[in-house]
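Heads up: the structure comes next, in structure tokens.
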Amino acid sequence: MHNGKILIVDDDPFVREFLSEILSDKGRYEVDVAVDGLEGLEKIGRQDYDVVFTDLCMPRLNGLEFLREVKRLEPVLPVVVITGFSTIENAVNAMREGASDFIEKPFQVDKVISLAERLANQKRLLGGLTSKRRYRLSLETLNAQLFKTLQEISTLHTVSTELDNLYDNSDIYRRVVEMALKLLPVREAFFGIVDGNRLKIKSSIGVPKFRDEIEFRGSYIERVVKSGTHVVVKPGDFNPVDSSRVTSPILCIPININGETIGILSLSNKPDGSSFTDDEIHLALTFVQKVALRLENNALYETVYSNLINTLKSLVAIIEARDPYTKQHSERVTLYSLEIAEMIGLSNEEKEIIKFGGYLHDIGKIGVRDTILLKPGKLTPEEMAEVRLHPLIGDRIVQPVRFLEKERELILYHHERIDGRGYPYGLKGDEIPFVVRILSVADAYDAMTSSRAYRPAKPHEVAIEEIKYGVNTQFDKEVVKAFLNTKTGKGRKQKKKLSVD
Ligand SMILES: [Fe+2]
């Protein structure tokens, strides 16, 4: 004997098959399928169903139109909307149109089954009442559920958006407990990273008598770490946090990345002292899944980023190795630029751009032939034209890297001049970004004060005079003024070493 009849409406055969399999497993439900809203309506017209699962994007009659029609024909028939997380706003709209709940892809089998069970029960309850009372009750139930689910979705959505903007793991560690307390009715939460048999606590709220590290062998934390699944700890259990007995239920959830438990989130002390409901557990698990995903993305990003930085750094090292005269030119130019930036009071963000962009500014020289780059004499016009391509070549090298967008400007425009007589574009004055105007002063100073294949180094005083002479033609007035006040501008030696990482 099955528990009821379910209709799945989806144009994707895989979704239809997957949900049918879950719901009809062990004879739980009798399952029927429809490929779109129109077929769904035809079936609902002919037979009684207890729950309907529907996709939103379908040909002929789409999910929202289908939902409206079902609600008009059978107001008490619960409809569950199938959604992907990116389309969660559609799910919210569907809830407003009368959907009972929604399920997210990829599906969590437990959630699908418990949802079908809850809604089929609700349908049975309402189905047995007189139509007027039934209608009123269904509205009340739906409203209460709608309100609760909408609240949950919107909090989860806010939390998710915030997580997406946290690129630093330490920020995630700090915010994760604050968010958990917002999301669930608990007064205590802590987050820790697994290190062998110990848990390194990264953040906590409301937990008294706390240590930075917990030895968790033989405790519920070990069970969670070993099994990779959550545990609801009952009062009376041993608590490794303060070596006492648990006084109120604890929900302990693993943070799993690539099948490995790297940490846990512990939630406890509900104000009413009750245990955790299925809905609360589901919400907490969804939240932790998002946290794990964010941490995993950060780790991937860091690997990709550091590989790329190393590649770019070795390109610069290759250029400088080819030309002994420009050895450490990029490093010095960056240091001088940072001195100017400091003097002017640029933000940390701008300094970071200078730090890496300055180091890379001549990266395009990798594309200039040695015979030209190392030529001791004067360059021919053709050779000069080739050298002048290096900002464009450099730009092309870093162009595919989305997060180096601002740094690209330093590479592309560092030979532009205030009077528009620079290259490659002949930009004028404010058309040249401010950080670039800083770099061109630093670049010119270092070029003049170091020896080149075609001439010896100029003394500091001469270089300064030439820079002053270039104000408002080659250089920005404010930048030159700031440079003259820096240590380097005053002729004092730089002891600092730059580390680009
Ligand atoms: Fe250059």
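The values are calculated or read from the model by the stated rules, or taken from the named source; none is laboratory data. Small disclaimer: the values here were computed from a predicted structure and weren't measured. Heads up, the Cβs are rebuilt from the backbone with ideal geometry, glycines too, and the neighbour counts pull from every protein chain shown.
Can you spot a residue in the range 336-351 that is within 35 Å of the chain's Cα centre (by Cα), closer than 30 Å to ALA482 by Cα and within 15 Å of the ligand (Cβ to nearest atom)?
yes
Given the structure, is ASN169 surrounded by fewer than 18 Cβ atoms within 10 Å (Cβ to Cβ) and in contact (Cβ under 8 Å) with a residue 60 or more places away in the chain?
Yes; evaluated as a whole, the condition is true for this residue.
Take the residues in the range 438-457 that are crowded, with 24+ Cβ neighbours inside 10 Å and of a type in the set (A, V, I, L, M, F, W, C); name whichever of them is nearest to the ligand (Cβ to nearest atom).
Among residues in the range 438-457 that are crowded, with 24+ Cβ neighbours inside 10 Å and of a type in the set (A, V, I, L, M, F, W, C), the one nearest to the ligand (Cβ to nearest atom) is LEU439.
Could you tell me whether the range 421-428 includes any residue that is closer than 22 Å to GLY470 by Cα, within 13 Å of the ligand (Cβ to nearest atom) and part of a helix (DSSP H, G or I)?
no
Search the range 361-389 for residues being within 14 Å of the ligand (Cβ to nearest atom) and in contact (Cβ under 8 Å) with a residue 40 or more places away in the chain, and hand back the single one that is surrounded by the fewest Cβ atoms within 10 Å (Cβ to Cβ).
Per the stated criteria, the residue is ILE366.
Of all strands (runs of 3 or more DSSP E) completely enclosed by the range 18-114, which ones contain at least 1 residues that are in contact with a strand residue (DSSP E or B) (Cβ under 9 Å, 6 or more places away or on another chain) and either among the hydroxyl-bearing types (Ser, Thr, Tyr) or not assigned by TED's automatic domain parsing to the domain that holds SER160 (or both)?
The strands (runs of 3 or more DSSP E) meeting that bar are 51-55, 79-84.
Keeping to the range 399-416, report how many residues are away from the ligand (no atom under 13 Å from the Cβ) and out of contact with any Asp or Glu (no Cβ under 7 Å at 6 or more places or on another chain).
10
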